[in-house]
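Trainee: Can you keep this structure in mind? I'll have questions shortly.
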Amino acid sequence: MKIELTRHKVHNEFAKKVELISGQNLFACYQCGNCTAGCPVAFAMEVGPHEVIRYTLLGLEEEALGVNTFWLCASCLQCTSRCPKGIDIARVMDALRSVVLRKKERKDHIQIPEFPEGFLERLPQIAFVSGFRKFLS
Ligand code: SF4
Ligand code: SF4
């Protein structure tokens with residue numbers, strides 16, 4: 001993809017919002033790729049966490065929010081522990097989910113009334129809580 005760099009793109013509202021929600025300085029990222037290299041779910045992601053960060057920094061909101069990366073993130077913190085710049089990437093993934101979930105036109109991905117009978121009793125608690133964090137506001 002060809003990306004034209006402009007001041008407007010680099011100092012954009014979308015990146016500011018993600019920084020505000022995550023509390024992380026995205027501009028510290030120098031795209032070493034360590035986060036993606038250690039991510040156990042990267043094989044299934046459309047783009048790696050480092051690429052999502054790049055999209056965000058460039059103000060490419062549609063591209064950043066349109067990939068499955070942050071939905072698949074298991075919040076394992078491997079990326080966070082590997083980042084040489086001290087960026088808590090797991091928090092950035094959480095922030096991206098929050099941006100989508102806070103949109104007015106969003107759609108809940110979990111409908112509790114549609115769960116089959118007895119499903120909730122069998123579901124591991126941690127998976128249930130994790131699902132709520134990801135798919136409901
Ligand atoms: S490990 Fe840190 S510095 Fe390297 S690409 Fe990932 S977020 Fe950026
Ligand atoms: S916290 Fe998410 S993005 Fe980071 S390594 Fe774990 S699964 Fe991958």
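None of the figures in this text is laboratory data; all of them are computed from the coordinates on show. What you see is a predicted model; the values in this text were computed from it and never measured. A quick note on method: Cβ atoms are made from the backbone with ideal geometry, for glycine too, and the neighbour counts reach across all protein chains shown.
Trainee: Return one number: the angle in degrees, 0 to 90 and rounded to the nearest 10, between the long axis of the Cα atoms of helix 13-22 and the longest principal axis of the Cα atoms of the chain.
Mentor: In the chain, helix 13-22 runs at an angle near 50 degrees to the longest axis.
Trainee: Looking at the square roots a ≥ b ≥ c of the eigenvalues of the Cα gyration tensor of the range 55-126, which shape do they give, rounded for a/c under 1.5, prolate if a/b is larger than b/c, or oblate?
Mentor: oblate
Trainee: GNM on the chain, C-alpha springs below 10 Å: top fluctuator among Gly33, Gly59, Gly118?
Mentor: It is Gly118.
Trainee: Which of rounded, prolate or oblate describes the range 7-106 when judged by the alpha-carbon gyration tensor and an a/c cut-off of 1.5?
Mentor: Oblate, because a/c is 1.5 or more while a/b does not exceed b/c.
Trainee: Let me ask something additional. Cα axis of helix 89-101 to longest principal axis of the chain: angle in degrees, 0 to 90, nearest 10?
Mentor: Taking the Cα atoms of the chain, the angle to 89-101 is about 70 degrees.
Trainee: Could you list the residues of the range 30-59 with an amide nitrogen less than 13 Å from a label point located 7 Å from the Cα of Val10 in the Cα-to-C-beta direction?
Mentor: So the set is 57-59.
Trainee: So between Phe128 and Glu46, what do we pick up on full extension, going 0.36 nm a residue minus the alpha carbon distance?
Mentor: Result: 27.1 nm gained on full extension.
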